[in-house]
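Quick notes on the structure that follows.
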Amino acid sequence: MAMQATEQEVRGTFGERLAGFWRAASVPLMAILLAALIGAIILIISGANPIDAYAALFRGSFSNARAIGRTLEKATPLILAGLAVAFAFKGGLFNIGGQGQLLIGAIVAAALGFGLNGLPFIIHMPIALLGGALAGAFYASIAGALKAFTGAHEVITTIMLNFVAINITDFLSNGPWKDTGIVARTPAILETAAIPKWDSIPLGFFIAAAVAIIIWYLLFRTTLGFEIRTVGLNPNAAKYAGIRVARITILTMAISGLLAGMGGSIETLGVVGRFQPGFNIGLGFDGITIALLARTHPLGVIPAAILLGAMQAGSSQMQFDAKVSFEIIDVIQALILFFVSAEMIVRWILRIRGEGDGGVRLSSGWGQG
């Protein structure tokens, strides 16, 4: 009888976990499906065959090793940008400044990549990677400090800091760190700073995936992660429990910026090979889409980033084979974001009753400390 009860408990626990997984995954999956269906209608209206278009999209992103490598290359900075937004969400913060933090990380990594001579790869590449990540952390901590000590809302401060970062990086790449020639860009990084590839597969993807696992462990298996999530749920209760809310707020933004800065570093060291304005446009903002699609779960960020990376990697093939405008990809991405954000619409379609802990709270109230 005891063994039977134990087996029933195991089955019950497995069933509960499976139901919980479905509740978490159903909304993003349905959002993707609805976006694909509406995208198909748009393709038909534009005169394209949606089956041919989606088949070409798949061929351009997963048909061979080179296509898969290109998809993972596109997904790598997106994983880290999504992690940056998702991590801030867990602390009750909406870090919309991932783009600026990514740019700062990218240009600092470039400066360390071309400026440090005579170092071996095993030292040079990690220094450039971590240097860019720490630059992003420092830049994001400015918004965290303003939030903690003055109550300035992080949405406003991070948006403003995005513009500051754009102008700083434009000045540096067209001024003191400018390469020879008329194009505004830094010199190419040294080979000892470059993140290598295994055949067509970028090593940077595995670095980003490992970071996602580390962030998951930090959030759900450590005391610090518990404090971050507690502050995110209720800063007043956290303060009453003895948690130093101001310190956690600054630290949360700093780690979020570190992740975004690392994404920019990997883009510089593993893809572009230098910093050039315009090459990183939109990566930080795509992180918001990825974080929402992943339901702010660090491990869910990986497949969400691969999905968007595949759409970006396969868009050229779709444009060439099916004569589809590149902007259709942006429309489908926007539809995915819309349906993930408009959770009530998807839950109504699925007839799923909302759970109290299933939603994504973007931030604390305006002006709240």
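The values are calculated or read from the model by the stated rules, or taken from the named source; none is laboratory data. Worth saying up front: this structure is predicted, and the values here are computed from it rather than measured. For neighbour counting, all protein chains shown are included, and Cβ atoms are generated from backbone atoms with ideal geometry for every residue, glycine included.
Taken over region 242-283, the residue count meeting the criterion of being assigned to a loop (DSSP other than H, G, I, E, B) and closer than 15 Å to Lys74 by Cα is 5.
Quick check on this structure: which one of Ile79, Ile41 is assigned to a helix (DSSP H, G or I), surrounded by fewer than 22 Cβ atoms within 10 Å (Cβ to Cβ) and of a type outside the set (Lys, Arg)? Going through Ile79, Ile41 in turn, the sole match is Ile41. Kindly indicate the residue of region 168-202 that is surrounded by 12 or more Cβ atoms within 10 Å (Cβ to Cβ) and of a type in the set (S, T, N, Q) and also nearest to Leu130 (Cα to Cα) among those meeting that condition. Selected residue: Thr192. Annotation: His153 fulfils all but one of (1) closer than 19 Å to Phe285 by Cβ; (2) modelled with pLDDT of 95 or more; (3) not polar (S, T, N, Q); the unmet one is (2).
This table checks each residue for (1) aliphatic (A, V, I, L, M); (2) crowded, with 24+ Cβ neighbours inside 10 Å.
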site	(1), (2)
Arg59	no, no
Ile68	yes, no
Leu72	yes, yes
Ala88	yes, yes
Gly91	no, yes
Ile107	yes, yes
Ile122	yes, no
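Given the structure, is Pro28 free of Cβ contacts under 8 Å to residues at least 24 places away in the same chain and out of contact with any Ser or Thr (no Cβ under 6 Å at 6 or more places or on another chain)? When the stated conditions are applied, Pro28 does not pass them.
Whenever a residue of region 86-99 is in contact (Cβ under 8 Å) with a residue 24 or more places away in the chain and over 17 Å from Ser265 (Cβ atoms), its partners that are among the aromatic types (Phe, Trp, Tyr) and assigned to a loop (DSSP other than H, G, I, E, B), lying with C-beta atoms within less than 8 angstrom and at least six residues away or across chains, give the pairs Ala88/Phe94. Against the numbered list (1) closer than 23 Å to Phe279 by Cα; (2) among the β-branched types (Val, Ile, Thr); (3) in contact with a helix residue (DSSP H, G or I) (Cβ under 7 Å, 6 or more places away or on another chain), Ile248 comes up short only at (1). If you go through region 182-204 one residue at a time, do you hit one that is within 19 Å of the chain's Cα centre (by Cα) and in a helix (DSSP H, G or I)? Within region 182-204, one or more residues are within 19 Å of the chain's Cα centre (by Cα) and in a helix (DSSP H, G or I).
Does Ala310 satisfy the criteria of being over 26 Å from Thr223 (Cα atoms) and within 17 Å of the chain's Cα centre (by Cα)? Against the criterion (over 26 Å from Thr223 (Cα atoms) and within 17 Å of the chain's Cα centre (by Cα)), Ala310 qualifies.
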